[in-house]
Each structure stands twice: as C-alpha cells, then as structure tokens.
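The values are calculated or read from the model by the stated rules, or taken from the named source; none is laboratory data. None of the values given here were measured: they were computed from a predicted structure. Cβ sites come from the backbone with ideal geometry, for glycine too, and all protein chains shown count toward neighbours.
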Amino acid sequence: MEPLFKLDYAEIIDEDNFATATDSTPNQRAIIAGWLNGVRLIDNMEMKPSTVNTGAR
C-alpha cells in the first residue's frame, strides 16, 4: 500500500534570502512540497518564536 502523501521537500528557510534558517534567523518560514493522489502540493507557513512557557529555568 502506497503512502497517502509522498514528501518531496521540507525546509525551514530565512524569509529574507531563502537560505536555510539557523537558530538565530529572525524571520523563518517552513516550506513543503509533495504528492497527494497524483497532485503536487506546495505550501509554506510563517514560523513565529514560541510563546509557550515550558517552565525551564
């Protein structure tokens, strides 16, 4: 049985220059591409710094 979604590409990039992001990159964006039932899907999403308090000190 084939997977429902076949991933081609996934990366976190620097929005300003499209280079691979680092931990210190201020403006990050997730980009993804793959296949679903013969249709190529491409999407992206802004990555904002986490505001969740994990309790770590």
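Side notes on the structure shown:
- Among (1) under 10 Å from the mean Cα position of the chain (by Cα); (2) modelled with pLDDT under 95; (3) exposed (fewer than 10 other Cβ atoms within 10 Å of the Cβ), the one test that Tyr9 misses: (2)
- Residue in the range 21-40 that is farthest from the chain's Cα centre (by Cα), counting only those that are surrounded by fewer than 11 Cβ atoms within 10 Å (Cβ to Cβ) and assigned to a strand (DSSP E or B): Val39
- Any pair with Cβ under 6 angstrom, 6 or more apart, that starts in the range 25-38 at a residue that is under 11 Å from Tyr9 (Cβ atoms) and free of Cβ contacts under 8 Å to residues at least 40 places away in the same chain and ends at one that is polar (S, T, N, Q) and exposed (fewer than 14 other Cβ atoms within 10 Å of the Cβ): Ile31/Asn44
- Residues in the range 5-24 that are without any contact (Cβ under 8 Å) to a residue 12 or more places away in the chain and among the aromatic types (Phe, Trp, Tyr): 1 in all.
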